[in-house]
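Undergrad: First, the structure itself, so that you have it in front of you.
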Amino acid sequence: MSSATRTGRADAHTPPLGHRALTPLYDLAIAAMTREKTWRAALVKVMAPSPGDRILDIGSGTGSLSVALSTACPRIRYVGVDPDADAVRRARQKIVGLEGNIRFHEGYFSAEEEYFSEPPNKIVSSLVLHQVPLAEKRRIIVQARKALAAGGSFFIADYGLQRGIQRLLFRSTVQTLDGVGDTQPNAEGIIPKLLESSRFSSVNETERLDTATGTISIYVARLTRCRQSDGSA
Ligand SMILES: C[S@@+](CC[C@H](N)C(=O)[O-])C[C@H]1O[C@@H](n2cnc3c(N)ncnc32)[C@H](O)[C@@H]1O
């Protein structure tokens with residue numbers, strides 16, 4: 001069971017690979033076990049990074065997505081936010097020498113925080129929601145909607161609904177590392193439901209990729225051009 005689940009506190013985060021000591025192995029494990037090249041490329045494609053984009057990455061980890069996005073389009077502005085000091089340090093090392101406007105912020109994402117001079121037009125989160133408690137999944141999604149510029153989009157790549165053999169693979173890998181409590185709602189398909197109840201104007205699952213650790217889905221939630229009034233917390 002993860003520390004976050006045990007305490008129920010949003011500030012007791014689960015490290016990238018479930019345990020602090022495993023963080024140095026994170027990049028290797030993700031590459032070997034999740035068909036990373038395929039899902040990251042699909043995520044970058046659907047995000048279509050363009051010059052001037054303000055991209056906020058919630059739970060940016062060791063910075064791999066920042067490299068993929070800025071390689072695809074060096075003229076984006078990117079801020080990665082993550083509560084794990086070791087992951088942020090590794091992310092900062094990874095971008096040394098890379099062209100572009102890339103920054104990392106150690107801490108929890110909040111819509112109250114100003115990461116850019118204007119609201120982000122694209123927010124992304126990859127492999128984060130499956131490893132946080134249900135209340136934190138909901139908070140991140142509601143806050144992302146609040147933080148997004150009008151007309152903006154929220155992209156999620158993460159373990160979604162698990163069916164058949166994929167459910168067994170998910171149980172024997174991700175759920176062993178990250179615990180059942182935080183991960184089970186993802187396996188039961190909670191992510192699109194949370195997006196829909198947070199009143200995005202459209203929610204679509206654009207990709208479903210079977211891996212050795214379970215099915216990874218990509219969801220795209222969009223806001224209309226006019227900012228809707230926000231009754232949610
Ligand atoms: C599995 S890693 C994914 C990292 C990265 N997004 C990627 O695609 O490789 C999950 C990350 O989420 C971070 N995290 C854990 N709890 C979080 C929370 N409540 N809010 C934001 N990030 C969190 C962890 O520190 C970790 O770096």
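The rows are residues; the columns are (1) on the phi < 0 side of the Ramachandran plot; (2) in contact (Cβ under 8 Å) with a residue 40 or more places away in the chain; (3) buried (at least 22 other Cβ atoms within 10 Å of the Cβ).
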residue	(1), (2), (3)
GLU136	yes, yes, no
ARG139	yes, yes, no
GLN143	yes, no, no
SER153	yes, yes, no
ASN186	yes, yes, yes
SER198	yes, yes, no
SER202	yes, no, no
VAL220	yes, yes, no
THR224	yes, yes, no
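Undergrad: Same structure, new question: Within the range 54-64, is there a residue that is modelled with pLDDT of 95 or more, within 13 Å of the ligand (Cβ to nearest atom) and in a helix (DSSP H, G or I)? Talk me through it step by step, then tell me what you get.
TA: Let us first name the residues in the range 54-64 that are modelled with pLDDT of 95 or more, namely 54-64.
Next cut, within 13 Å of the ligand (Cβ to nearest atom) only: 55-64.
If we keep only those that are in a helix (DSSP H, G or I) too, we end up with 64.
Within the range 54-64 (the criterion being modelled with pLDDT of 95 or more, within 13 Å of the ligand (Cβ to nearest atom) and in a helix (DSSP H, G or I)), the answer is yes, since at least one residue qualifies.
Undergrad: Kindly indicate the residue of the range 59-72 that is surrounded by fewer than 23 Cβ atoms within 10 Å (Cβ to Cβ) and in contact with a strand residue (DSSP E or B) (Cβ under 9 Å, 6 or more places away or on another chain) and also nearest to VAL142 (Cα to Cα) among those meeting that condition.
TA: Going through the range 59-72, the residues surrounded by fewer than 23 Cβ atoms within 10 Å (Cβ to Cβ) turn out to be 64, 67-68, 70-72.
From what's left, in contact with a strand residue (DSSP E or B) (Cβ under 9 Å, 6 or more places away or on another chain): 64, 67, 70.
On the way: SER64: 25, VAL67: 27, SER70: 27 Å.
Result: SER64.
Undergrad: Identify, please: which residue in the range 21-45 is more than 12 Å from the ligand (Cβ to nearest atom), in a helix (DSSP H, G or I) and not hydrophobic (A, V, I, L, M, F, W, C) and is, among those, farthest from VAL124 (Cα to Cα)?
TA: PRO24
Undergrad: Give, as residue ranges, the helices (runs of 4 or more DSSP H) completely inside the range 76-189 that count at least 1 residues that are over 25 Å from THR206 (Cα atoms) and more than 16 Å from the ligand (Cβ to nearest atom). Quick ask: steps written out before the conclusion?
TA: Details: elements: 85-94, 134-147, 164-172, 174-178, 180-187.
Filter on the range 76-189 gives 164-172, 180-187.
Undergrad: Is it the case that SER126 is crowded, with 20+ Cβ neighbours inside 10 Å, of a type outside the set (Lys, Arg) and over 15 Å from GLY214 (Cα atoms)? So that I can check it myself, show each step before the final result.
TA: Numbers: crowded, with 20+ Cβ neighbours inside 10 Å: yes; of a type outside the set (Lys, Arg): yes; over 15 Å from GLY214 (Cα atoms): no.
So SER126 fails the test.
Undergrad: Failed condition for THR71, given (1) near the ligand (Cβ under 9 Å from one of its atoms); (2) over 22 Å from GLU205 (Cα atoms); (3) of a type in the set (S, T, N, Q), with all others met?
TA: (1)
The values are calculated or read from the model by the stated rules, or taken from the named source; none is laboratory data. This one's a predicted model, so the numbers in the text were calculated from it and none came from an experiment. In this analysis, Cβ positions are derived from the backbone assuming ideal geometry, glycine residues included, and neighbour counts consider all displayed protein chains.
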